[in-house]
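FYI, it's all coordinate maths here, none of it is from the lab. All of these numbers come straight from a predicted model, not from anything done at the bench. Glycine gets a Cβ as well: all are built from the backbone with ideal geometry, and neighbour counts include every protein chain shown.
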Amino acid sequence: MLSGCCNGIVHFNHYSDEGALLAAALVNARLDSAADVAELAGEHDLLLERPPSDEDAAGLRRWRTALAGVVDAPTTGERIEALNRLLARGTSHPRISLHNGPPHVHFRPDDVTPERQFAAITAFGLAWFLTQRGLHRLARCAAGDCTVAFADVTRNGRQRYCSTRCANRQAVRRHRAHASHLQ
Ligand SMILES: [Zn+2]
Ligand SMILES: [Zn+2]
């Protein structure tokens, strides 16, 4: 039986927008157990080649810290250095895989642990996305009481908040501050 790493049609996306979205989600994710790893994979249509273990969860908590280093890099130069460290750690030479539908490129060997699947997709996906779409397109929410990380996949690349909810909360806050000035 063939085992899948991801849905064949969206392979390219897994290593671009989807990879960057998954990287941001991983920074925000709860990763206490194997079940948390399975849930994150499910939310992003990532088909794991092996069932996740608690060791994968532990490995991904370390990987989460490395990804957060890219999010929180204070300068573009440091962001690029952090991305290069991720690539060195998370990917291996590209390889054409036949495991699931049409031939497609992986940046890892076949049949690896969930930790390595996540690492290859998020390292290459994030590096590809940020260099193609703009190195600023990874940030934390600008709402004062929110630290959620997000990849900005919008057309204009000017996203400031993690969600519509945070954007609306900030708008209400600005409105209140303005109203109190007028009193
Ligand atoms: Zn694949
Ligand atoms: Zn937010």
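Here are a few things to note about the model shown:
- Only Lys, Arg, Asp and Glu carry charge here, each on its Cβ (+1 for the first two, -1 for the last two); on that basis the chain has a dipole of about 1020 debye about its Cα centre.
- Theoretical FRET efficiency, 1/(1+(r/R0)^6), r = Cβ-Cβ of residue 34 and residue 65, R0 25 Å, to 0.05: 0.85
- Amide hydrogen neighbours beyond the local backbone of residue 104, cut-off 5 Å, H modeled: 97
- Positive end of the dipole of the stretch 8-136 (Cβ unit charges, origin at the Cα centre): among 131, 42, 104, the Cα lying farthest that way belongs to 131.
- Distance between modelled label sites at residue 158 and residue 146, nm, 7 Å Cα→Cβ extension: 1.8
- Phi angles of the stretch 65-71 translate, via the Karplus equation with coefficients 6.51, -1.76, 1.60 and θ = phi - 60°, into HN-Hα couplings of 5, 5, 5, 4, x, 6, 4 Hz per residue; Gly and Pro are given as x.
- For residue 138, the residues 5 or more places off, or on other chains, whose built amide H falls under 5 Å of its own are 152.
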